[in-house]
1. Just the residues that are within 16 Å of the ligand (Cβ to nearest atom) and not in a strand (DSSP E or B), please, taken from segment B:104-116.
2. Please count how many residues of segment A:139-175 are out of contact with any Phe, Trp or Tyr (no Cβ under 6 Å at 6 or more places or on another chain), open to solvent by 20 Å² or more (accessible area, probe 1.4 Å) and over 14 Å from A:Ala64 (Cβ atoms).
3. Suppose the filter is crowded, with 21+ Cβ neighbours inside 10 Å, in contact with a Phe, Trp or Tyr (Cβ under 6 Å, 6 or more places away or on another chain) and not small (Gly, Ala, Ser); does B:Val26 pass it?
4. Take B:Arg18 and tell me if it is away from the ligand (no atom under 12 Å from the Cβ), more than 14 Å from chain A (Cβ to nearest Cβ) and under 25 Å from B:Val242 (Cβ atoms).
5. Kindly indicate the residue of segment B:120-134 that is away from the ligand (no atom under 16 Å from the Cβ) and open to solvent by 10 Å² or more (accessible area, probe 1.4 Å) and also modelled with the lowest pLDDT among those meeting that condition.
6. Might you check whether a residue that is touching a Lys or Arg at 6+ places or on another chain (Cβ under 8 Å), in contact (Cβ under 8 Å) with a residue 12 or more places away in the chain and not in a helix (DSSP H, G or I) occurs anywhere in segment B:14-21?
7. Of the conditions (1) in a loop (DSSP other than H, G, I, E, B); (2) surrounded by fewer than 22 Cβ atoms within 10 Å (Cβ to Cβ); (3) within 19 Å of the chain's Cα centre (by Cα); (4) within 16 Å of the ligand (Cβ to nearest atom), B:Gly75 clears all except one; give me its number.
8. What helices (runs of 4 or more DSSP H), lying completely within segment A:1-62, carry at least 3 residues that are more than 10 Å from chain B (Cβ to nearest Cβ) and surrounded by 14 or more Cβ atoms within 10 Å (Cβ to Cβ)?
Amino acid sequence: MNDVSMSRVELLDASTAPLSAQQFFSGGDPGPIVAALATVPELLVPALGFVGSALGAGAIGVRAKELAILRTSALQGCTYCIHAHTAVSLDVGLSPDEVRALRGELPLEDGFPSARERALIGWIDALAGATGPVPDDVWTEARDHWAAHDLVEISVTVGATMFLNRFATGFQLPTATHVLERLQAEGMA
Amino acid sequence: MTDVEERIAHGPIADAVRSGVLPGRVWLYSNYHCNLACSYCLTESSPRSERRELTAEQMIAIAEQSKDLGFTGVGITGGEPFLLPWLTDTVLDMVEFLPVLLLNNGTLFAGDRLERAARLAHPDIALQISLDSHLADINDMARGPENFAKVVASVPRLIERGVRVRIATTTGGPLDSSHLDPLRALVASWGVPPDDHIVRPIVRRGRADEFGLGVQAIARDIPSELCITADGAFWGSFGPTVSNGRLDTDLLLTRTILPVSVPANALLAAISGMPEGADATLGIR
Ligand code: SF4
């Protein structure tokens with residue numbers, strides 16, 4: 001059952017979800033992003049298709065993707081996505097200190113000694129944490145370590161994450177209770 | 001290309017309508033408020049309901065685009081459409097594109113309103129008026145005081161003025177019950193042909209669900225007509241019901257209503273793969 005008390009928009013469930021959204025509810029609660037998007041059914045499938053591809057497994061690897069998602073969410077101040085992707089990042093093998101560094105709670109150098117990953121984070125920071133042009137030195141540094149198609153892929157991940165960040169923040173989507181409890185137990189809430 | 005070929009719509013919607021996969025009539029909920037508050041109302045309509053009106057411009061555009069896509073008619077329902085002062089003019093604009101079936105409760109045809117409705121005397125416009133029993137007290141139990149008297153006064157007046165009238169009877173009993181014979185006779189006495197007297201069950205949605213009335217129906221039991229409201233487009237004219245003040249979204253297709261191709265294609269996609277339903281056996285229409 002969704003916690004509808006916090007959300008600014010009605011979160012649909014299996015009994016209220018439109019026909020074309022039913023497939024997402026047949027396995028149980030699909031989470032508040034799907035439950036909110038289902039109120040505009042013609043957007044649900046294309047939006048999830050885009051987000052699923054952008055955030056799911058890709059050529060660049062799951063570690064780089066989670067790094068982009070969590071860093072972007074932290075820069076955007078999205079509590080929902082920070083919680084959800086702190087849990088996912090830990091699950092895919094990021095250390096607690098890496099997670100804290102991405103969330104801005106530790107100096108980046110402490111969590112990421114590798115120049116290659118710091119170059120990628122520099123690119124992510126320039127996209128998600130700033131407005132206006134991306135400086136040449138950030139691009140050059142990123143290109144020294146990553147192929148252009150890697151940066152295209154990670155940029156799509158950053159863009160899709162920013163959409164989710166603003167969507168979840170604007171509508172005050174609630175973090176699942178089990179995620180919050182887990183993060184609290186691990187001292188990562 | 002000949003004139004006739006030019007007028008024939010092409011495309012997947014037109015093909016689906018021609019082959020019977022998609023019903024030809026597009027329904028519009030012009031508004032949700034009503035001067036009555038019937039016990040089985042699918043939309044919990046009443047004088048205090050949120051109006052949720054389509055605009056005249058939207059309704060005309062829907063008729064025009066529906067024709068271009070290959071639909072063959074439009075139906076208007078509510079709420080009570082005749083509460084909209086601009087309705088008559090809009091229907092006359094819509095019928096330039098497609099035949100119009102206009103559902104209403106038959107209680108608003110006095111004075112000026114009768115003369116305005118008389119302008120709807122047109123071979124491609126029919127007014128479908130609700131009447132549930134030949135007995136005033138039985139009819140009025142669900143539909144409210146004086147409903148019977150108003151309807152039996154209005155129907156002959158409209159027919160006299162050349163307006164085509166159909167009668168719709170909603171019943172909680174069997175559709176072929178001989179109890180309905182006196183009502184059929186009353187309807188026939190006005191010169192309404194038997195085919196223009198529709199008898200249909202109460203569908204258990206909206207206020208009917210609250211009171212435990214009518215037949216249960218899931219999506220595939222409900223005729224798959226495209227139905228457009230101010231809140232979006234739905235599967236079937238029984239889709240955009242209201243329960244406990246909340247619009248039911250289980251049969252919502254799209255929030256986009258114009259261009260009509262967007263919800264029409266969503267409906268076609270939803271129909272494909274859906275097993276045959278019980279709409280024929282339940283008599284839902
Ligand atoms: S059933 Fe029709 S006439 Fe009765 S309240 Fe509902 S909209 Fe009005």
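The values are calculated or read from the model by the stated rules, or taken from the named source; none is laboratory data. These numbers come from a predicted model, not from an experiment. Because the Cβ atoms are built from the backbone with ideal geometry, glycine has one as well, and the counts that use them run over all protein chains shown. Heads up: the accessible areas ignore ligands, DNA and RNA and are worked out on the full protein's heavy atoms, side chains in. Shrake-Rupley method; radii C 1.70, N 1.55, O 1.52, S 1.80 Å.
1. Once the filter is applied, which keeps residues that are within 16 Å of the ligand (Cβ to nearest atom) and not in a strand (DSSP E or B), segment B:104-116 yields B:Asn105, B:Gly106, B:Thr107, B:Leu108, B:Phe109, B:Arg113.
2. Summing the residues that are out of contact with any Phe, Trp or Tyr (no Cβ under 6 Å at 6 or more places or on another chain), open to solvent by 20 Å² or more (accessible area, probe 1.4 Å) and over 14 Å from A:Ala64 (Cβ atoms) in segment A:139-175 gives 15.
3. yes
4. When the stated conditions are applied, B:Arg18 does not pass them.
5. Of all residues in segment B:120-134, those away from the ligand (no atom under 16 Å from the Cβ) come to B:120-126, B:134.
Going one step further and asking which of them are open to solvent by 10 Å² or more (accessible area, probe 1.4 Å), we end up with B:121-124, B:134.
Values: B:Ala121: 98, B:His122: 98, B:Pro123: 98, B:Asp124: 98, B:His134: 94.
Once the filter is applied, the top-ranked residue is B:His134.
6. no
7. (1)
8. Fully inside segment A:1-62 and qualifying: A:32-37, A:41-55.
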